[in-house]
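Asker: Submitted below is the structure of interest, expressed as structure tokens.
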Amino acid sequence: MSTHSGSNERIKETHPEWYRDVSPMYYLILGSFPPHAKRWDYPFYYPNKINRFWKILAEIAKVNLTVPIVSEKEAVEERFSIMQKLNAGVQNLGKTILRKGTSALDTAIEITTFQDILLILKKHPELKKIVLPGYSSQNSTAKAFLKYINQTKEIEIIGFIPKTLNSGTTFKISVYGRIIDCVVLNSTSTASRISYDEVKKQFEKELDS
């Protein structure tokens, strides 16, 4: 499916079945949606090796990522093992989107349906924190998560969320009789002007607490 508006062609995409459960899961890291398939180096979350996400998580987990990527399957298993070591689940919020062309930017996508994040929250009563990297655009992870909350009846935001989100913004949600902390971080994309060391420091703080 696509809609045409001059040079702004919008193409429907459906998220691949990448989700793999981690148990125990103390942290859930959410993203928005993968880049266009032509940019993938392997079929898993943050599939472009230029993105800093897996390098940061590998350093926090004190493991070395294989370079270069020789086998897509091994690359996926290597990244899943990092998730297991950190007790951190990974999922994207978008299930279906409309994308302008093949852009990898959040500003070029519109989430039309969401993943079932509630199912993950229900399955993992031990979950204590949701990490939201990226907050600038309307379809960034943090803003998309707030839209998802507004569509559900089971999740309630506790307290006040500032109108302008920033790295370090925190809030709590109540769901299934539990309180879960949520924290907004900078994006791991290389398009971000925030340094690698600063983004790593942010993740390290949240995944160690």
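The values are calculated or read from the model by the stated rules, or taken from the named source; none is laboratory data. Computed from a predicted model, the values in this text were never measured in an experiment. For neighbour counting, all protein chains shown are included, and Cβ atoms are generated from backbone atoms with ideal geometry for every residue, glycine included.
Asker: Which one is surrounded by the most Cβ atoms within 10 Å (Cβ to Cβ), of the residues in the stretch 104-116 that are touching a residue at least 12 places away in the same chain (Cβ under 8 Å) and in contact with a strand residue (DSSP E or B) (Cβ under 7 Å, 6 or more places away or on another chain)?
Answerer: I109
Asker: Same structure again: For F145, which of the numbered conditions (1) more than 17 Å from the chain's Cα centre (by Cα); (2) not in a loop (DSSP other than H, G, I, E, B) fails to hold?
Answerer: (1)
Asker: Of everything in the stretch 183-203, what is part of a loop (DSSP other than H, G, I, E, B), of a type outside the set (G, A, S) and in contact with a strand residue (DSSP E or B) (Cβ under 8 Å, 6 or more places away or on another chain)? Give them in sequence order.
Answerer: Matches in the stretch 183-203: N186, T188.
Asker: Here are some conditions: (1) at pLDDT below 95; (2) of a type outside the set (G, A, S); (3) farther than 24 Å from D106 by Cβ. H124 meets all but one. Which one does it not meet?
Answerer: Failing condition for H124: (1).
Asker: Could I ask something else about it? Which of (1) modelled with pLDDT of 95 or more; (2) of a type in the set (D, E); (3) within 14 Å of the chain's Cα centre (by Cα) does E59 not meet, given it meets every other one?
Answerer: Only one criterion is unmet by E59, namely (3).
Asker: For residues in the stretch 72-107 being modelled with pLDDT of 95 or more and in a loop (DSSP other than H, G, I, E, B), which is farthest from P35 (Cα to Cα)?
Answerer: This residue is N87.
Asker: Go through (1) without any contact (Cβ under 8 Å) to a residue 40 or more places away in the chain; (2) crowded, with 20+ Cβ neighbours inside 10 Å; (3) of a type outside the set (F, W, Y); (4) part of a helix (DSSP H, G or I) and name the single condition A58 misses.
Answerer: Every listed condition holds for A58 apart from (2).
Asker: For the stretch 161-182, give me each residue that is assigned to a loop (DSSP other than H, G, I, E, B) and among the polar types (S, T, N, Q).
Answerer: Hits for the stretch 161-182 are T164, N166, S167, T169.
Asker: Consider Y45 against the criteria (1) among the hydroxyl-bearing types (S, T, Y); (2) surrounded by 18 or more Cβ atoms within 10 Å (Cβ to Cβ); (3) part of a helix (DSSP H, G or I): it satisfies all of them except one. Which criterion is unmet?
Answerer: Single failed check for Y45: (3).
Asker: Take K122 and tell me if it is of a type outside the set (A, V, I, L, M), under 16 Å from the mean Cα position of the chain (by Cα) and in a helix (DSSP H, G or I).
Answerer: No; evaluated as a whole, the condition is false for this residue.
Asker: Among the residues of the stretch 17-32, is any buried (at least 19 other Cβ atoms within 10 Å of the Cβ) and farther than 29 Å from G177 by Cβ?
Answerer: Among the residues of the stretch 17-32, not one is buried (at least 19 other Cβ atoms within 10 Å of the Cβ) and farther than 29 Å from G177 by Cβ, which makes the answer no.
Asker: On to the next question. Can you go through S209, S192 and tell me which one is surrounded by fewer than 20 Cβ atoms within 10 Å (Cβ to Cβ), within 16 Å of the chain's Cα centre (by Cα) and at pLDDT below 95?
Answerer: S192
Asker: Right, T112: outside any strand (DSSP E or B) and among the hydroxyl-bearing types (S, T, Y) or not?
Answerer: no
Asker: Given the residues V131, V63, which is the only one that is crowded, with 18+ Cβ neighbours inside 10 Å and outside any helix (DSSP H, G or I)?
Answerer: One residue alone meets the criteria, V131.
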